[in-house]
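The numbers here are math on the coordinates, done by the rules we state, and not lab data. All values derive from a computational prediction rather than experimental measurement. All Cβ positions, even for glycine, are placed from backbone atoms using ideal geometry, and neighbour counts span all protein chains on display.
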Amino acid sequence: MDKKLAHDILSTVNKKTGKNITENSIKKIASGVSANTLQDEDQLRALIKQVSQMANVPVSEKTIKDIVAAVKQSGLDMNHLEGLMKMMMKK
């Protein structure tokens, strides 16, 4: 992912959440994410909760289930994350 896109994503997240999330906090979480994280439901749930805590934005169990289902259904893998992030920034 290029630096401009990463900066744009961080700016979008901060704007939408009203929080000041740092690049280092994102990098810390991202460093623990692997392709397996997106395939394993327990790891994916843990990742969603980590991001929720970092952003200080509560995520309901229903929303977690919806995210997990969407990731599983999409067959999302690490090679397609950049496209996903671009799509999400447009919303």
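Annotations
- Inter-probe distance in nm under a simple model that places probes 7 Å from Cα toward Cβ, at Ser74 and Ile29: 1.5 nm
- Residue exposure sequence - Leu10, Leu38 - by fewest surrounding Cβ within 10 Å: Leu10, Leu38
- Gained length - Leu10 relative to Gln50, 0.36 nm times residue gap less alpha-carbon distance: 12.8 nm
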